[in-house]
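Written out below as structure tokens is the structure these notes cover.
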Amino acid sequence: MNAARRLPLIALAIAAPVFAPAASAADPAKVQITAHRVELPDAATMRAMTGRFALSDGRTMRVLHPGLHLMVAFDRGHARTVEPIGDRQFATADGRLIVAYDADLESLRVIEQRQVTVASRGGDMPVR
């Protein structure tokens, strides 16, 4: 076989791994996660966490304590349950809202993950 005929075979052998199927995102992977016990605050502390808070963005947040959980609502919106994730820290089940109380329980920080729209010359673009 001459060199001209061998060249395509060599190129195909080198390129074959490039066309091999890659692992898909749906393939399972083992992940080790550690966990620490998070206790609910006592009843007196839970009561001290409730109330209305004026947020720096102009909204008002209500913190409610109906039963065993805290719930938060912005302005006149629906209340969402927040679960304890740390000392004086609570989060929604999807993790998109975190409420972190300061040590005196008189002030707090709200951390939200939300979609923001930015205007550009080509139209609106969602920023995540």
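Every number in this text was worked out from the coordinates using simple rules, so none of it is lab data. Keep in mind the model is a prediction, meaning the values are calculated, not measured. Note that we place each Cβ from the backbone using ideal geometry, even for glycine, and neighbour counts take in every protein chain shown.
Expressed as a fraction of 2.2 N^0.38 Å, the C-alpha radius of gyration for segment 32-76 is 1.49. Extension gain, Asp104 to Thr60: 0.36 nm times the residue separation minus the Cα-Cα distance gives 13.9 nm. Label sites at Val31 and Glu83, each approximated as a point 7 angstrom past Cα along Cα to Cβ, lie 1.5 nm apart. Take the Cα of Glu112, step 7 Å toward its Cβ, do the same at Arg76, and the gap between the two points is 1.7 nm.
The calculated pair-distance distribution of segment 25-128 uses every alpha carbon pair, bins of 5 angstrom beginning at 0, and gives 2, 10, 18, 20, 15, 11, 9, 8, 5, 2, 0 percent.
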